[in-house]
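Enquirer: I'd like to ask some things about the structure below.
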Amino acid sequence: MTVRLRTVVFPVAGLGTRFLPATKAVPKELLPIMDRPLIQWAADEAIAAGADTLVFVVNRNKRAINDHFDMAFELEARLESSGKTEHLRMVRETLPAHVRPVFVLQPEARGLGHAVLCARPAVASGPFGIILPDDFILNRDGPGALAQMAQVQAEHGGSVIAVEPVEWKDTSRYGIVSGTPVDSQLMKIDSIVEKPRPDVAPSNLGVVGRYVLDHRIFDLLENTKPGAGGEIQLTDAIAALLTEQDAFAYRFDGVRYDCGNKLGFVQATLRCALDDEEIGADLRRTLEGWLRAAGPEPASARKASDGVATQR
Ligand code: G1P
């Protein structure tokens, strides 16, 4: 069965301070991984999961995101008259004709939960998706993460949240879940907590920015008080949802790059560039040359990575 997720919400009102000064005038979601802005990768993933309504939760400094998805009439006319059909196709494909963008304002930065609540008037009944574009997920050999999750939701009902093991020292950067395994990739969530310190975290399974949530989450968000960091947390509303219905943590197929920080952003760029038909082979040769010239990394600089899920 092919499953569609009609509406996907993109909370994109964040400041992007880690990339200043690049993000002084340009929204962080428009920074490109290769030749596509982060928000375009996210929109494509949503459309591939069946979405025909993309809800962007923006603020007054994010108008360029509207422009990106708007029709660029003059540009299209010029490309058309000069016969640049491939470029014309690329410009038109930013948003296929059957997909409707909706822009919703989040007037104040009051947290992820608040951003999602702002989208409520634009979200039809039934389960809906959320993508945090900073969490860039590539699944080179199969469907995107959100399409996988739509399938899981159709099979198991309830809500589905993407997770992956994070290093224990980093639990305070993520929503952390614990629960009961269903199969090798799926767990029924028993508890979820926002950004716990490593010494109190129930596990090292971190929430990454993909959610398929039951519409009921909006009622719960209405009543969610500010939590971690003084913000209205989506995680707290999901914790309330768990008392009423099932939610599942899903270990997606694919690799996630944290493009909210510089290392992840550069890794994602390199990964996509190495896969690129036009420049991949040359880039590989360049990198190999640089690494040979630099010699082996000193053992003291090597870091052990957990990469394994454990629960207390
Ligand atoms: C948000 C969520 C957090 C989740 C993370 C994934 O945090 O609140 O639960 O683990 O996204 O990227 P943020 O990164 O916005 O602080």
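The values are calculated or read from the model by the stated rules, or taken from the named source; none is laboratory data. Since the model is a prediction, treat every value here as computed from it, not as a measurement. Here the Cβ positions follow ideal geometry from the backbone for every residue, glycine too, while neighbour counts run over all protein chains shown. Protein only, heavy atoms only, side chains kept; ligands, DNA and RNA dropped before computing areas. Shrake-Rupley method; radii C 1.70, N 1.55, O 1.52, S 1.80 Å.
Enquirer: I need every pair where a residue in the range 212-228 that is open to solvent by less than 10 Å² (accessible area, probe 1.4 Å) has its Cβ under 7 Å from the Cβ of a residue that is basic (Lys, Arg), sequence separation at least 6 or different chains.
Expert: So the pair list comes out as Phe218/Arg120.
Enquirer: Are any residues in the range 135-175 assigned to a strand (DSSP E or B), within 18 Å of Gly260 (Cα to Cα), open to solvent by less than 10 Å² (accessible area, probe 1.4 Å) and not small (Gly, Ala, Ser), and if so, which ones?
Expert: If we filter the range 135-175 for residues that are assigned to a strand (DSSP E or B), which is where we start, we get 135-138, 159-165, 175.
Checking which are within 18 Å of Gly260 (Cα to Cα) leaves us with 135-138, 162-165, 175.
Now narrow it down to the ones that are open to solvent by less than 10 Å² (accessible area, probe 1.4 Å): 136, 162-163, 175.
Phe136, Val163 - these are the residues of the range 135-175 that are assigned to a strand (DSSP E or B), within 18 Å of Gly260 (Cα to Cα), open to solvent by less than 10 Å² (accessible area, probe 1.4 Å) and not small (Gly, Ala, Ser).
Enquirer: Can I ask one more? Can you tell me which residue is nearest to the ligand (Cβ to nearest atom) among those in the range 178-225 that are of a type in the set (S, T, N, Q) and in contact with a Lys or Arg (Cβ under 6 Å, 6 or more places away or on another chain)? Don't jump to the end; show me each part of the working.
Expert: Taking the range 178-225 first, the residues of a type in the set (S, T, N, Q) are 178, 180, 184-185, 191, 203-204, 223-224.
Filter again for in contact with a Lys or Arg (Cβ under 6 Å, 6 or more places away or on another chain), leaving 180, 185.
Working: Thr180: 20, Gln185: 18 Å.
Among residues in the range 178-225 that are of a type in the set (S, T, N, Q) and in contact with a Lys or Arg (Cβ under 6 Å, 6 or more places away or on another chain), the one nearest to the ligand (Cβ to nearest atom) is Gln185.
Enquirer: Does Glu74 count as at negative phi, at pLDDT below 95 and under 21 Å from the mean Cα position of the chain (by Cα)? Write out each step before concluding.
Expert: Details: at negative phi: yes; at pLDDT below 95: yes; under 21 Å from the mean Cα position of the chain (by Cα): no.
For Glu74, the condition - at negative phi, at pLDDT below 95 and under 21 Å from the mean Cα position of the chain (by Cα) - is not met.
Enquirer: Considering only residues of the range 231-249 that are in contact with a Lys or Arg (Cβ under 9 Å, 6 or more places away or on another chain) and of a type outside the set (Asp, Glu), which is farthest from Lys195 (Cα to Cα)?
Expert: Start the filter on the range 231-249 by keeping residues that are in contact with a Lys or Arg (Cβ under 9 Å, 6 or more places away or on another chain), which leaves 231-233, 235-236, 241, 244-249.
Now restrict to residues that are of a type outside the set (Asp, Glu): 232-233, 235, 241, 245, 247-249.
Values: Ile232: 13, Gln233: 10, Thr235: 9, Leu241: 18, Gln245: 23, Ala247: 19, Phe248: 19, Ala249: 16 Å.
So the residue we want is Gln245.
Enquirer: Quickly run through the range 124-134 and pick out the residues that are closer than 21 Å to His215 by Cβ and either open to solvent by 40 Å² or more (accessible area, probe 1.4 Å) or not in a strand (DSSP E or B) (or both). Write out each step before concluding.
Expert: At the first step, the residues of the range 124-134 found to be closer than 21 Å to His215 by Cβ are 124-132.
Residues satisfying the conditions are Ala124, Ser125, Gly126, Pro127, Leu132.
Enquirer: Just to verify a result, which residue in the range 235-246, among those that are under 28 Å from Pro143 (Cα atoms) and away from the ligand (no atom under 13 Å from the Cβ), is least open to solvent (accessible area, probe 1.4 Å)?
Expert: Our first condition is that a residue be under 28 Å from Pro143 (Cα atoms); within the range 235-246, this holds for 235, 238, 241-242, 245-246.
Now restrict to residues that are away from the ligand (no atom under 13 Å from the Cβ): 241-242, 245-246.
Working: Leu241: 1, Leu242: 37, Gln245: 49, Asp246: 67 Å².
Here the answer is Leu241.
Enquirer: What about Ile232, is it crowded, with 23+ Cβ neighbours inside 10 Å, β-branched (Val, Ile, Thr) and either touching a Pro at 6+ places or on another chain (Cβ under 7 Å) or touching a residue at least 40 places away in the same chain (Cβ under 8 Å) (or both)?
Expert: In short, no.
Enquirer: Just one of Val58, Val91 is touching a strand residue (DSSP E or B) at 6+ places or on another chain (Cβ under 7 Å) and open to solvent by less than 50 Å² (accessible area, probe 1.4 Å); which is it?
Expert: Working: Val91 fails: touching a strand residue (DSSP E or B) at 6+ places or on another chain (Cβ under 7 Å).
Unique residue meeting the criteria: Val58.
Enquirer: Only residues that are under 14 Å from Met34 (Cα atoms), within 16 Å of the ligand (Cβ to nearest atom) and open to solvent by less than 50 Å² (accessible area, probe 1.4 Å): list them for the range 260-289, please.
Expert: Gly264, Phe265, Ala268, listed by residue number.
Enquirer: Across the range 223-241, which residue is nearest to Leu213 (Cα to Cα) among those that are in contact with a Gly (Cβ under 7 Å, 6 or more places away or on another chain) and among the β-branched types (Val, Ile, Thr)?
Expert: Thr235
Enquirer: Test each condition in (1) within 16 Å of the ligand (Cβ to nearest atom); (2) open to solvent by 30 Å² or more (accessible area, probe 1.4 Å) for Pro121 and report the one that comes out false.
Expert: (1)
Enquirer: Hey, among the residues in the range 97-115 that are open to solvent by 100 Å² or more (accessible area, probe 1.4 Å) and not in a loop (DSSP other than H, G, I, E, B), which one's farthest from Leu75 (Cα to Cα)?
Expert: Leu105
Enquirer: If you don't mind, there's one more thing I want to ask. Could you check the range 50-96 for helices (runs of 4 or more DSSP H) lying wholly inside it with 1 or more residues that are in contact with a His (Cβ under 6 Å, 6 or more places away or on another chain)? Can you show your working first?
Expert: On the way: elements: 63-69, 73-81, 85-92.
It comes to 73-81.
Enquirer: Limited to the range 176-209, what total is found for residues that are under 22 Å from the mean Cα position of the chain (by Cα), over 20 Å from Leu241 (Cβ atoms) and buried (at least 22 other Cβ atoms within 10 Å of the Cβ)?
Expert: 1
Enquirer: Just need a number here: residues in the range 13-57 that are at pLDDT below 95, of a type in the set (A, V, I, L, M, F, W, C) and within 16 Å of the ligand (Cβ to nearest atom).
Expert: 3
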